[in-house]
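Visitor: Quick one: this structure, given as structure tokens, is what I'll be asking you about.
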Amino acid sequence: MEYRHLGKSGLKVPVLSFGTGTFGGKGEFFSAWGSTDVAEARKLIDICIDAGVNMFDSADIYSAGAAESVLGEAIKGRPRDRLIISTKATFRSGEGANDVGSSRHHLVQAVDAALKRLGTDYIDLFQLHGFDASTPVEETVSTLDDLVRAGKLRYVGASNFSGWHLMKSLAVAERYGYARYVAHQAYYSLVGRDYEWELMPLAKDQGVGAVVWSPLGWGRLTGKIRRGQPLPANSRLHATADMGPPVADELLFRVVDALEKIGAETGKTVPQVALNWLLQRPTVSTVVVGARDEAQLRQNLGAVGWNLTPAQVAELDAASTTTRAYPYWHQQGFLERNPNPV
């Protein structure tokens, strides 16, 4: 397993990390992802650790906290200093007026609740799950700094921020000497390359590592979706397609065609090729993979230990290119002084 620095921090993380969105299976949305219990979670974590994957990502809203609880039970008895635990908060976690957002009140409450569910006294990476425009950035960043100084958090980051959200937060941290975001958990895939337009240049400039979520395009790049064929009966897209990133059919099929061609050339599966492409992109520190079962996990782990050729990368780039929104399409005309990061 290859390890990379998380942004410009001193922490090294495996290039693949394991997401626990399938743990717990509570509620209609998350039950469509999976319903992994503690016993199965232990098996999956054993496979991860044997492969060198020691980073596990969760969130307080995953199955209403059950995902963190299952993860906490599954890691009991393992050396804590050998594990990297990542989780998130900000989205609504209760019915109360303050059970949402990135206020001091909610973040302190959310971190304490996560620590209890995870059965640990510190979180290696804590990320804001979304931007809270109703709370001053100074309040949010200072609270995270206090939690770092208290030893409850080791590193902090964000998720699903726009460029100005992230840059403002970094500027406030710089101004006051607060703990700085070293990670941005962002959606990025061959059928969703918007991350490259602004967030990637920002991350490269500011030293923020990408923690990639949904690297297979919300389950679309599994190799089971083909042009002219119906959606497989067991696909979670039946229940969740409208809640995830949108993808035009023609773009999807064009990308899948290219993935299948390159998969035949390399002897790899469609998901392995798609994941390997991501691992060669600038600013990517780790790619979060999930799995409902052991076979799916082992297949995803096969994305490392080899690399696509430059020609194959270029072929996938061409198949997945879309028209950029303004001002990014306009900036393409000034690459002499404003080059793409990739």
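The values are calculated or read from the model by the stated rules, or taken from the named source; none is laboratory data. Fair warning: this is a prediction, and the values are worked out from it, not measured in the lab. Every residue, glycine among them, receives a Cβ derived from its backbone with ideal geometry; neighbour counts consider all protein chains shown. The accessibility values were calculated without ligands, DNA or RNA, using every heavy atom of the protein model including side chains. Shrake-Rupley method; radii C 1.70, N 1.55, O 1.52, S 1.80 Å.
Visitor: Quick one: in the stretch 144-167, which of the residues that are among the small types (Gly, Ala, Ser), open to solvent by less than 50 Å² (accessible area, probe 1.4 Å) and assigned to a loop (DSSP other than H, G, I, E, B) is nearest to residue 106 (Cα to Cα)?
Guide: 151
Visitor: Within the stretch 66-114, how many residues turn out to be within 14 Å of residue 147 (Cα to Cα), assigned to a helix (DSSP H, G or I) and among the polar types (S, T, N, Q)?
Guide: Number of matching residues: 1.
Visitor: Return a yes/no flag: does the stretch 298-319 have any residue that is over 17 Å from residue 200 (Cα atoms), hydroxyl-bearing (Ser, Thr, Tyr) and out of contact with any Pro (no Cβ under 6 Å at 6 or more places or on another chain). Spell out the reasoning first.
Guide: Kept after step one, since they are over 17 Å from residue 200 (Cα atoms), are these residues of the stretch 298-319: 298-316, 318-319.
Checking the rest, the ones that are also hydroxyl-bearing (Ser, Thr, Tyr) come to 309.
After this cut, where a residue has to be out of contact with any Pro (no Cβ under 6 Å at 6 or more places or on another chain) as well, the list is 309.
For the stretch 298-319, residues over 17 Å from residue 200 (Cα atoms), hydroxyl-bearing (Ser, Thr, Tyr) and out of contact with any Pro (no Cβ under 6 Å at 6 or more places or on another chain): present.
Visitor: For the stretch 168-191, give me each residue that is open to solvent by less than 10 Å² (accessible area, probe 1.4 Å) and assigned to a strand (DSSP E or B).
Guide: Within the stretch 168-191, 181, 183, 184, 185, 186, 189 qualify.
Visitor: Could you tell me how many of the residues in the stretch 223-255 are modelled with pLDDT of 70 or more and open to solvent by less than 60 Å² (accessible area, probe 1.4 Å)?
Guide: 9
Visitor: Any residue that is without any contact (Cβ under 8 Å) to a residue 24 or more places away in the chain, among the basic types (Lys, Arg) and within 25 Å of residue 81 (Cβ to Cβ) - is there at least one of those in the stretch 12-31?
Guide: Yes, that holds for at least one residue.
Visitor: Checking the condition open to solvent by 20 Å² or more (accessible area, probe 1.4 Å) and under 17 Å from the mean Cα position of the chain (by Cα), which residue from 12, 88, 43, 26 passes?
Guide: Values: 88 fails: open to solvent by 20 Å² or more (accessible area, probe 1.4 Å); 43 fails: under 17 Å from the mean Cα position of the chain (by Cα); 26 fails: under 17 Å from the mean Cα position of the chain (by Cα).
Going through 12, 88, 43, 26 in turn, just one is open to solvent by 20 Å² or more (accessible area, probe 1.4 Å) and under 17 Å from the mean Cα position of the chain (by Cα): 12.
Visitor: Across the stretch 265-296, what is the total count of residues that are open to solvent by less than 20 Å² (accessible area, probe 1.4 Å) and either without any contact (Cβ under 8 Å) to a residue 12 or more places away in the chain or assigned to a helix (DSSP H, G or I) (or both)?
Guide: First, the residues of the stretch 265-296 that are open to solvent by less than 20 Å² (accessible area, probe 1.4 Å): 270-271, 273-279, 281, 284-289, 291.
From what is left, the residues that are either without any contact (Cβ under 8 Å) to a residue 12 or more places away in the chain or assigned to a helix (DSSP H, G or I) (or both) are 270-271, 273-279.
Number of matching residues: 9.
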